[in-house]
Every structure is written in structure tokens, then in C-alpha cells.
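Engineer: Sharing a structure with you now.
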Ligand code: GLP
């Protein structure tokens with residue numbers, strides 16, 4: 001696992017955006033096959049999306065040959081609800097880049113058969129050739145996508161019941177009323193994310209420091225589903241100084257030294 005530490009969220013977000021853009025361009029230079037990008041929602045990736053949008057508008061990057069799969073979506077929340085992940089993605093990315101809408105995939109939280117919707121989502125990922133890079137964030141409890149504690153590390157896309165803690169954390173988007181936060185969500189599994197060729201996780205602020213420490217330095221455990229990244233051959237975690245706050249001094253120094261040596 002590679003850990004990239006930047007002074008601020010802004011710098012870390014820009015690093016991530018450029019890393020994604022470089023990966024898209026590197027594949028385009030080799031093949032006409034589309035780049036398959038896994039995407040996340042939440043406050044964490046917004047500045048990365050802003051930079052991707054800026055690059056696109058400046059003609060430095062194109063999404064024309066990019067296929068996307070989002071991580072998750074609330075169950076039974078109308079698509080047009082401002083807090084649906086469909087709305088989020090339009091607002092922060094899709095409405096501002098040159099992506100072909102037929103290449104955009106999000107789980108339908110209102111599908112008549114949710115189980116079937118999840119199974120078909122997995123099939124669509126396989127048909128697209130698998131995910132080249134999955135961008136994700138981390139919950140305060142260490143969850144990856146909506147894979148709450150005790151999710152199987154072999155899990156695939158399915159309906160998840162959210163923990164009360166996650167609903168409380170996300171209630172900031174729902175008038176601070178936990179009862180307005182959907183109780184369930186559909187989420188790609190831990191194994192779905194870890195099947196991507198590369199996984200890039202962002203974690204910012206002191207609120208994420210404990211989760212980041214547990215996922216990076218702790219054991220691989222279904223209690224902290226992000227820890228599954230330890231088994232991935234190409235996992236990258238990009239964090240700001242605050243999110244690095246609970247790492248051991250020696251780990252911190254090592255991650256910095258590795259980056260310096262590989263410059
Ligand atoms: C939700 C999402 C996760 C996200 C997490 C953190 O639970 N399902 O994918 O990583 O929130 O959210 P934020 O980025 O707002 O801190």
C-alpha cells in the first residue's frame with residue numbers, strides 16, 4: 001500500500017485528480033478501450049471532482065472514452081432528491097465534463113427488484129472489462145463505500161442496512177434529522193472495489209484519523225472494511241496532515257521517505 005500525505009485537503013485532492021487524469025491518459029495512449037472509473041460520493045471527493053472539471057474545461061482531459069460505476073446509492077430515495085447520489089454526481093461531475101451519459105452507471109435504489117439490480121451491476125462491471133481505478137473515501141468507522149463493520153471482505157454488490165452511527169454522520173445532509181436518512185443503501189462490495197486494478201482512497205480531516213490508522217496499521221478485519229486494501233497489490237491512500245494524525249511517527253516518516261525516494 002502506498003500512502004501519500006499532503007499538508008492540506010486541497011493539495012491532496014489535486015494530487016488525486018492528477019493521478020486519475022494521468023491514469024486515463026496512460027490507458028488512452030496504449031489502447032482505444034475505454035477507461036473504467038469507479039467513483040464515490042460524500043464531501044471527501046468534491047475538490048478532486050472540481051479539479052477534474054477544471055482540467056476538462058481547460059482541454060487538458062477528456063471523459064469521452066471513460067465509463068463510470070458509482071459505489072453506492074440510498075434505497076428508496078427519489079433519484080431527483082438533492083441528496084441522492086445520482087444528484088450528487090450530476091452536480092459535482094457529470095454535468096460539467098464531456099462524458100457520454102450512456103457510459104455512466106449508478107445503482108438504482110428504486111429498482112423493483114433490488115437483488116437483481118445488484119447482480120446486474122456486477123455483470124455490467126465485468127462486461128465493461130473490470131474497473132481500472134476505483135476512487136473511494138472512508139467512513140468515520142472505517143467503512144469503504146457502504147460496507148459497514150462486519151461486511152464480508154468477499155462481499156459483492158448488495159443491499160446494506162446502515163449503522164445508526166453512519167446515519168447520524170450523514171444526517172448533516174438531511175436537515176440534521178437522522179430519521180430522514182435512509183436506513184438502507186445499495187453498495188458495491190469490498191471485493192467489488194478490491195477487484196479494481198487500482199484503488200485510490202481519500203481521507204481528510206481529523207475525523208478520519210482513527211479510521212485511517214486502523215485501516216493502514218491495524219489488522220485486516222471485517223470491522224474496518226477499508227483494511228481489506230492491505231491485500232490489494234495496487235492500493236493508494238491519499239490523506240491530509242490531519243487524517244495522518246493517529247499514524248505512528250515511524251509509519252508517517254516511512255511513507256514520506258518512500259515518496260521522496262520514488263520522485
Ligand atoms: C458515505 C459513503 C462513503 C463515503 C463516506 C464518507 O458513507 N457511502 O462512500 O466514503 O460517506 O463521507 P464523507 O466523504 O462525506 O466524509
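Engineer: Within region 144-181, work out how many residues are in a loop (DSSP other than H, G, I, E, B) and within 11 Å of the ligand (Cβ to nearest atom). If you could, list the steps in order and put the result at the bottom.
Structural biologist: In the first step, residues of region 144-181 are kept if they are in a loop (DSSP other than H, G, I, E, B); the result is 145-146, 148-157, 162-163, 174-177, 181.
Now narrow it down to the ones that are within 11 Å of the ligand (Cβ to nearest atom): 145-146, 148, 162-163, 181.
Counting residues in region 144-181 that are in a loop (DSSP other than H, G, I, E, B) and within 11 Å of the ligand (Cβ to nearest atom) gives 6.
Engineer: Shifting gears a bit: With respect to residue 92, determine if the residue is in contact with a helix residue (DSSP H, G or I) (Cβ under 7 Å, 6 or more places away or on another chain), within 15 Å of the ligand (Cβ to nearest atom) and at pLDDT 95 or above.
Structural biologist: Values: in contact with a helix residue (DSSP H, G or I) (Cβ under 7 Å, 6 or more places away or on another chain): yes; within 15 Å of the ligand (Cβ to nearest atom): yes; at pLDDT 95 or above: yes.
Spelling it out, residue 92 is indeed in contact with a helix residue (DSSP H, G or I) (Cβ under 7 Å, 6 or more places away or on another chain), within 15 Å of the ligand (Cβ to nearest atom) and at pLDDT 95 or above.
Engineer: Pairs under 7 Å by beta carbon, first residue more than 19 Å from residue 193 (Cβ to Cβ) in region 36-49, partner more than 8 Å from the ligand (Cβ to nearest atom), six or more apart or different chains?
Structural biologist: Cβ pairs passing all conditions: 46/92; 47/9; 47/10; 47/13.
Engineer: Provide a single number: the residues in region 121-143 that are away from the ligand (no atom under 13 Å from the Cβ) and on the phi > 0 side of the Ramachandran plot.
Structural biologist: First, the residues of region 121-143 that are away from the ligand (no atom under 13 Å from the Cβ): 121-133.
Keeping just the survivors that are on the phi > 0 side of the Ramachandran plot gives 129-130.
Result for region 121-143: 2.
Engineer: Of the residues in region 215-263, how many are without any contact (Cβ under 8 Å) to a residue 60 or more places away in the chain, within 17 Å of the chain's Cα centre (by Cα) and under 15 Å from residue 5 (Cβ atoms)?
Structural biologist: 1
Engineer: Being modelled with pLDDT under 95 and crowded, with 16+ Cβ neighbours inside 10 Å is true for just one of 159, 169. Which residue is that?
Structural biologist: Numbers: 159 fails: modelled with pLDDT under 95.
Matching residue, one of 159, 169: 169.
Engineer: Within region 103-142, count every residue that is touching a helix residue (DSSP H, G or I) at 6+ places or on another chain (Cβ under 8 Å) and not in a strand (DSSP E or B).
Structural biologist: Start the filter on region 103-142 by keeping residues that are touching a helix residue (DSSP H, G or I) at 6+ places or on another chain (Cβ under 8 Å), which leaves 104-108, 111, 122, 125, 131-136, 138-142.
Narrowing further to those that are not in a strand (DSSP E or B): 106-108, 111, 122, 125, 131-132, 138-142.
Qualifying residue count for the region: 13.
Engineer: Restricting to region 54-81, count the residues that are in contact (Cβ under 8 Å) with a residue 60 or more places away in the chain and touching a strand residue (DSSP E or B) at 6+ places or on another chain (Cβ under 7 Å). Even if it seems obvious, please write down each step before you answer.
Structural biologist: The first filter runs over region 54-81 and keeps only residues in contact (Cβ under 8 Å) with a residue 60 or more places away in the chain, leaving 67, 69, 71-77.
With the extra rule that they be touching a strand residue (DSSP E or B) at 6+ places or on another chain (Cβ under 7 Å), the set shrinks to 67, 69, 71-75.
Total meeting the criteria: 7.
Engineer: Across region 21-43, what is the total count of residues that are outside any loop (DSSP other than H, G, I, E, B) and within 16 Å of the ligand (Cβ to nearest atom)?
Structural biologist: Keep residues of region 21-43 that are outside any loop (DSSP other than H, G, I, E, B), which gives 21-30, 35-39.
Restricting the remaining residues to those that are within 16 Å of the ligand (Cβ to nearest atom) gives 37-39.
Total satisfying the criteria: 3.
Engineer: Given the criterion within 16 Å of the ligand (Cβ to nearest atom) and under 18 Å from residue 181 (Cα atoms), identify the matching residue among 13, 87. So that I can check it myself, show each step before the final result.
Structural biologist: Values: 13 fails: under 18 Å from residue 181 (Cα atoms).
Going through 13, 87 in turn, just one is within 16 Å of the ligand (Cβ to nearest atom) and under 18 Å from residue 181 (Cα atoms): 87.
Engineer: Quickly run through region 219-250 and pick out the residues that are in contact with a helix residue (DSSP H, G or I) (Cβ under 6 Å, 6 or more places away or on another chain) and either at pLDDT below 95 or surrounded by fewer than 19 Cβ atoms within 10 Å (Cβ to Cβ) (or both).
Structural biologist: If the condition is that a residue be in contact with a helix residue (DSSP H, G or I) (Cβ under 6 Å, 6 or more places away or on another chain) and either at pLDDT below 95 or surrounded by fewer than 19 Cβ atoms within 10 Å (Cβ to Cβ) (or both), then 220, 221, 232, 242, 245, 246 are the ones that fit.
The values are calculated or read from the model by the stated rules, or taken from the named source; none is laboratory data. Since the structure is predicted, the reported quantities are computational estimates derived from the model, not experimental observations. Because the Cβ atoms are built from the backbone with ideal geometry, glycine has one as well, and the counts that use them run over all protein chains shown.
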